[in-house]
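The block underneath contains the structure these notes are about, expressed in structure tokens.
The values are calculated or read from the model by the stated rules, or taken from the named source; none is laboratory data. Everything numeric here is computed off the predicted structure, so don't read it as measured data. In this analysis, Cβ positions are derived from the backbone assuming ideal geometry, glycine residues included, and neighbour counts consider all displayed protein chains. In case anyone asks, the SASA skips ligands and DNA or RNA and just uses the protein heavy atoms, side chains included. Shrake-Rupley method; radii C 1.70, N 1.55, O 1.52, S 1.80 Å.
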Amino acid sequence: MQNQNELIQLALSAGAKKATVIRAEDIVVSSAFRDICASNSCGMYGKCWMCPPDIGAIDELMARLKRYSHGLLYQTIYQIEDSFDIEGMGEAGADHERVSQAVDEAVKSLLPARLHLSCGGCHLCPRCARLDDQPCRQPEKALPPMEGYGIDVYKTTQPTELKYINGQNTVTFFGIVLY
């Protein structure tokens, strides 16, 4: 097993606000998150190669999580004007994507056999190739969402020092690197 403190420091150096290592068995999952995805409240269902239904059957994805023993759970926290600041949330989400890519780059030599999940749909390309019936343009960098794998982020973070809600006028995003 990798040195947990080293992995945490790599995530923090890559731009995460906080990070911790958890046991994979402590990840809370529910197939109900696929139903939430299918309701398409985020607008990405069937429009992004890294989102459902294209990432696979929920039972298979939840079973895949169990193949790993640990996860480097990290978060980014951003100040926004208020709870209606959609533009600020979008900018924060784009920055979280940048941080997730930096975390992946930082840990890849230590964790070559990893599964890295982030939040929301992949936002690497301005327009997903899925919309044009083309293969993913950046499959080596594209990150599926934690919720797409059935992870209940709220319940998974509860026993950790990472808070799901970080105060008024903030937005928090999570990622996890399973190894």
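Couple of notes before you dig in:
- Solvent-accessible area per residue, Å², over the chain with all protein chains present [probe radius 1.4 Å]: 53 Å²
- Here the relative contact order of the chain, from alpha carbon pairs under 8 Å that lie six or more residues apart, stands at 37 percent.
- If a spin label sat at a point 7 angstrom from the Cα of Asp26 along the line to its beta carbon, the backbone N atoms of region 143-160 nearer than 20 Å would be those of 146-147, 150-160.
- Taking every protein chain into account, the 1.4 Å probe leaves Lys141 with about 90 Å² of accessible area, to the nearest ten.
- Mean-square fluctuations from a GNM of the chain, with a 10 angstrom spring cutoff on Cα atoms, peak among Pro144, Pro126, Pro159 at Pro126.
- Dividing the Cα radius of gyration of region 109-179 by its Kirkwood radius returns 1.04 for Rg/Rh.
- Three principal axis lengths of region 139-179 [C-alpha, angstrom, descending]: 36, 22, 17
- Computed [θ] at 222 nm, helices only, for the chain once each DSSP H run of length n ≥ 4 contributes -39500 (n - 2.57): -8500 deg cm²/dmol
- Net charge of Cβ neighbours under 15 Å - reference Ser39; Lys, Arg +1; Asp, Glu -1: 0
- The calculated FRET efficiency for Lys47 paired with Ala94, based on their beta-carbon distance and R0 = 22 Å, is about 0.80.
- The stretch between Gln158 and Asp54 holds 34.5 nm of extra length on full extension. This uses 0.36 nm per residue minus the Cα-Cα distance.
- Estimated FRET transfer efficiency when R0 is 41 angstrom, pair Glu105-Asp82 (beta carbons, to 0.05): 0.75
- Overall form of the chain per C-alpha gyration tensor (a/c, 1.5; a/b vs b/c): rounded
- Computed about its Cα centre, the charge dipole of the chain is approximately 480 debye, with only Lys, Arg, Asp and Glu carrying charge at their Cβ.
- Among Ser30, Ser13, Ser41: highest mean-square fluctuation, GNM of the chain, C-alpha pairs under 10 Å: Ser41
- Projecting the Cα atoms of Asn3, Ala38, Pro52 onto the charge dipole of the chain, computed from C-beta unit charges around the Cα centre, puts Asn3 farthest toward the positive end.
- Potential lengthening of the chain between Gln9 and Ser69 amounts to 19.6 nm, from the contour at 0.36 nm per residue minus the alpha-carbon distance.
- Shape category assigned to region 43-104 from the gyration tensor of Cα positions, a/c cut at 1.5: oblate
- Under Karplus coefficients 6.51, -1.76 and 1.60, residue-wise ³J(HN,Hα) of region 167-179 in Hz, glycine/proline x: x, 5, 6, 10, 10, 10, 10, 10, x, 8, 10, 8, 8
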